[in-house]
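Below is one structure; the comments refer to it alone.
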Amino acid sequence: PGCRGAQGRFAYKLLHDLFANYSSALRPVEDMDRALNVTLQVTLSQIIDMDERNQVLTSYLWVRQAWLDAHLTWDKDDYGGIDSIRIPSSYVWRPDIILYNNADEHFGGSMETNVVLRSDGHIMWDSPAITKSSCKVDVSYFPFDGQRCRLTFGSWTYNGNQIDLRNRLDTGDLTDFVENVEWEVLGMPATRNVITYGCCSEPYPDVTYTLLLRRRASFYIFNLLLPCIMVSFLAPLGFYLPADSGEKVSLGVTVLLALTVFQLLVAESMPPSESVPLIGKYYIATMTMITASTALTIFIMNVHHCGPGARPVPPWARWLILHHMARLCCVYEVGESCKSPQRALGGQGSRGDAGGPWENPGEGEVGAKAGVCPWDHCLCHHDSLLRNVGYIAGCFRRHRANQRRTGEWKKVAKVMDRFFMWIFFVMVFLMSVLVLGNAA
């Protein structure tokens, strides 16, 4: 206890002797023309937040500064062997090292922690700090992006001829880093730069730590990308719905609204810059495709609902759509197969369209008048019956011809539905592959 009491008295005496004629306002060098060497080391403890929209990185750092104070030296033998003491940092001169790209509205600095003062005059100042730094965010490949955020430290008033700032290590210290759930730290290299600003002719050195970040994309894949891909694959199925169901256009509009909601969610978290994120490009391409598919669906429904007064199917459409594309898309009628040879199109309708001897009442009447009644004249009253039967047969044939013509237009619409369904399936698949390929 007596020895510890003596150490305490020596410490009080040392503190009184050191700061009796000391001023913390002046740079502590013997020769004012020589630069004071200051070493800087930054330890990254935690990434608190990355605000992509405002382009601000909030991080928790441990900043270590070390320099030599020529006015705070003593012989440890004169003070009971005391080699180092810990005193408030406000007692000694401190370099005004600040974060150049600070984005904090309050501009908060480091905590007022103690400094470690050694007998040879070396001072080490460790202070934790929560910094908000501006970071240029590039979201071109969101959510598979990586960011390079710079932390630039330097003296605000002392130039390079007064303070020679250097980095202690080539990289930032990541040994005590707390893993972030969204960002993965790939490295933190440090570089020393000497810049001459336009305001002054003297050089100003600074130390820049480049924080290399890579986004953990699992959250965005399962919450933004996969739902979009699954919803996108629903759009081509609108062509598979029967035209009589009345839900073809409704499905396309519903899918378009769902993708619009996803697009708004992405836009809220991204900065309003000219670079469109990768997932935003995918949304826009998919929405364009769904808009085109909805427009084509309306056109195909108009073809499907052609009435009896529609013109016959043109020969080129009969040859291209009803013959080749129908086989390609495996569209066949009941009882047919996509592998069985098809009957000649229009063969059945040629006779019905051309009509028969009883196509109209006029022809039946002429046939009845041209012949002579083979039996007695009492049987000639059947002429009116024959005319009525011929008229009914002609109406039936015209009705069958109209049904056949309407059925051909419906088959044209069905073939076009199936053809565009496969086309849009391929487009959605290729867009998904391109997005994942660009992400890789």
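The values are calculated or read from the model by the stated rules, or taken from the named source; none is laboratory data. Because the structure is predicted, anything quoted here is derived from the model rather than measured. Virtual Cβ from ideal backbone geometry, glycine too; neighbours counted across all protein chains shown. Heads up: the accessible areas ignore ligands, DNA and RNA and are worked out on the full protein's heavy atoms, side chains in. Shrake-Rupley method; radii C 1.70, N 1.55, O 1.52, S 1.80 Å.
Skipping prolines and chain starts, which residues have an amide H placed within reach, meaning under 5 Å, of the one on Leu36, given they are 5 or more residues away or on another chain?
Ile163, Asp164
Which loop trypsin sites (Lys or Arg not before Pro) in the stretch 120-163, with loop taken from DSSP, have no more than 15 other Cβ atoms within 10 angstrom of their Cβ?
Within the stretch 120-163, the qualifying trypsin sites (Lys or Arg not before Pro) (loop, at most 15 other Cβ atoms within 10 Å) are Lys136.
For Glu105, Glu408, write out the residues from largest to smallest accessible area, computed with a 1.4 angstrom probe and no ligands counted.
In descending accessible area the options line up as Glu105, Glu408.
Could you go through the stretch 158-173 in sequence order and give the Karplus-derived ³J(HN,Hα) for each residue, using 6.51 cos²θ - 1.76 cosθ + 1.60 with θ = phi - 60°, rounded to whole Hz, and x for Gly and Pro?
Going residue by residue, I get 8, 8, x, 7, 10, 10, 9, 8, 9, 8, 6, 10, 6, 9, x, 7 Hz, with x marking Gly and Pro.
I'd like the accessible area for Met287: 1.4 Å probe, protein heavy atoms, all chains in place, Å² to the nearest 10.
Roughly 40 Å² of Met287 is accessible to a 1.4 Å probe.
Place a point 7 Å from the Cα of Glu182 along the Cα-to-Cβ direction; which residues of the stretch 49-69 have their backbone N under 18 Å from it?
Residues passing the 18 Å test: 49-61.
Taking the Cβ of Gly146 as the centre, find all other residues whose Cβ is under 12 Å away and add up their charges (Lys, Arg: +1; Asp, Glu: -1).
That sum, taken over residues with Cβ under 12 Å, equals +1.
Using the Cα centre as the reference, give the magnitude of the dipole from point charges on the C-beta atoms of the stretch 8-215 (Lys, Arg: +1; Asp, Glu: -1; all else neutral), rounded to the nearest 20 debye.
The dipole magnitude comes to about 80 debye.
Just to make sure I understand: if all protein chains stay in place, what is the order of Asp120, Asp170, Asp51, Asp78 by accessible area at 1.4 Å, largest first?
Asp170, Asp78, Asp120, Asp51
Give the accessible surface of the stretch 8-215 per residue, rounded to a whole number of Å², with probe radius 1.4 Å and ligands, DNA and RNA excluded.
Per residue, the stretch 8-215 has 52 Å² of solvent-accessible surface.
What's log10 of I(q)/I(0) for the stretch 8-215 at q = 0.10, 0.12 Å⁻¹, Debye sum over Cα points only, no solvent?
Once normalised to I(0) and log-transformed, intensities are -0.51, -0.69.
Could you give the length gained on full extension between Asn114 and Gln46, defined as 0.36 nm per residue of separation minus the Cα-Cα distance, in nm?
Contour length minus the Cα-Cα distance gives 22.2 nm.
Tell me, what HN-Hα J-couplings in whole Hz come from the Karplus equation 6.51 cos²θ - 1.76 cosθ + 1.60 at θ = phi - 60° for each residue of the stretch 52-61, using x for Gly and Pro?
Residue by residue, the stretch 52-61 yields 5, 5, 8, 6, 10, 9, 9, 9, 10, 10 Hz.
How large is ³J(HN,Hα), in whole Hz, for each residue of the stretch 76-87 in order, when computed from phi with the Karplus curve 6.51 cos²θ - 1.76 cosθ + 1.60 and θ = phi - 60°, using x for Gly and Pro?
5, 5, 7, 10, x, x, 6, 9, 8, 9, 10, 10
On a 1.4 Å probe surface of the protein chains, which of Met111, Met289, Met431 comes out largest in accessible area, and what is the full order?
I get Met111, Met431, Met289, largest accessible area first.
Calculated FRET efficiency, Ala285 and Arg148, Cβ-Cβ r, R0 30 Å, to nearest 0.05?
Efficiency computed from Cβ-Cβ geometry: 0.60.
Near the amide H of Val115, under 5 Å away, which other amide H atoms are found, from residues 5 or more places off or on another chain, if H is placed in the peptide plane?
Here Ile87, Ser89 satisfy the definition.
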